[in-house]
Amino acid sequence: MLSIPTIAIIIVVLYFLSAIKILAEYERGVIFRLGRVLPAPKGPGIILVFAPIDRMVRVGLRTVVMDVPPQDVITRDNVSVKVNAVVYFRVMDATRAIVEVENYHYATSQLSQTTLRSVLGQVELDDLLSRREHLSQELQHILDQRTDPWGVKVSAVEVKHVDLPDGMQRAMARQAEAEREKRAK
């Protein structure tokens, strides 16, 4: 039969073992002690999180590749196109990423979609097709400015695909064929 001091020691040892957390090199732990955030995130390595007093939120610091779903965009010259893109971002300040915005993944996704629609809606179709690199840099700059208060750095935005309506593709093909015939004469 175990005595009361032995049981108490076993409980204390189990409590301390459950308080040990291990963070990988690419993770940081934002600790909330009694509801208030500690000034600096913990990790990587072994840290102690005392359950009823502390609460830890893990934050990954690796680059996240997020696919922006196809967006219906009406260009300045009133052509309706579907555009999708890829956004590359990473957390630079784990504490701000947790405290300043509820869900930085979702917020960055929504901001990417609305920024893609608004920026590409201000250009004409020819510019959208020919100056894709410039538009990607402009999108990256705007997104980076808006996510900076959250501790998130947008490193790149790439416009992947511009899907033209079938009627527009046929009209462009006829125009290109007419220009080739004109040059051939």
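Out of every Cα pair in the chain, what percent are spaced more than 29 Å from each other? In whole percent, the long-distance tail amounts to 47. Tilt of helix 132-147 relative to the longest C-alpha principal axis of the chain, in degrees (0 to 90, nearest 10)? Tilt relative to the chain: about 30 degrees.
Build a GNM of the chain with springs between Cα atoms under 10 Å apart, and of Arg36, Arg146, Arg58 the one that fluctuates most is Arg36. In the context of the full set of protein chains, the chain has a per residue accessible area of 64 Å² (1.4 Å probe).
The overall shape of segment 1-43, judged from the alpha-carbon gyration tensor, is oblate: a/c is not under 1.5, and a/b is no greater than b/c. Find out how many positive minus negative residues lie around Phe50, taking Lys and Arg as positive, Asp and Glu as negative, among other residues whose Cβ is under 15 Å from that of Phe50. Cβ neighbours under 15 Å give a net charge of +4.
What is the angle, in °, between the Cα long axis of helix 166-184 and the longest principal axis of the Cα atoms in the chain? Nearest 10 is fine, range 0 to 90. Tilt of helix 166-184: around 50 degrees. Only DSSP H runs of four or more residues enter the estimate; each adds -39500 (n - 2.57), and after division by the residues of the chain the mean residue ellipticity at 222 nm equals -14000 deg cm²/dmol. Between amide H atoms placed 1.01 Å from N, distances below 5 Å from Phe50 occur with no residue 5 or more places distant or on a separate chain. Candidate cross-link partners of Lys82 among the aspartates and glutamates, defined by an alpha-carbon separation under 13 Å and a same-chain spacing of 8 or more, comprise Asp72, Asp163, Asp166.
Taking Thr114, Thr95, Thr63 in turn, the Gaussian network model of the chain (Cα-Cα springs below 10 Å) assigns the largest fluctuation to Thr114.
Across segment 1-150, C-alpha contacts under 8 Å between residues 6 or more apart give a mean separation that, scaled by the residue count, equals a relative contact order of 18 percent. Averaging Cα coordinates gives a centre for segment 1-62 and one for segment 96-151; these two points are 37 Å apart.
Computed from Cα positions, the angle between helix 4-19 and the longest principal axis of the chain comes to roughly 20 degrees.
Projecting the Cα atoms of Tyr106, Leu120, Gln137 onto the charge dipole of segment 98-152 (Cβ charges, centred on the Cα centre) puts Tyr106 farthest toward the positive pole. Gyration tensor over the Cα atoms of segment 1-80: the corresponding equivalent ellipsoid has semi-axes (square roots of 5 times the eigenvalues, largest first) of 48, 13, 13 Å. When the P(r) of segment 78-149 is calculated, the portion above 16 Å amounts to 51% of the C-alpha pairs. Which of Val87, Val162, Val79 ends up with the largest GNM mean-square fluctuation for the chain, with Cα atoms connected below 10 Å? Ranking Val87, Val162, Val79 by mean-square fluctuation puts Val79 first.
The values are calculated or read from the model by the stated rules, or taken from the named source; none is laboratory data. Just so it is clear, the model here is predicted, and its values are computed rather than measured. Positions of Cβ are backbone-derived with ideal geometry, glycine not excepted, and every protein chain shown enters the neighbour counts. These area figures cover heavy atoms from the full protein model, side chains too; ligands, DNA and RNA do not enter into them. Shrake-Rupley method; radii C 1.70, N 1.55, O 1.52, S 1.80 Å.
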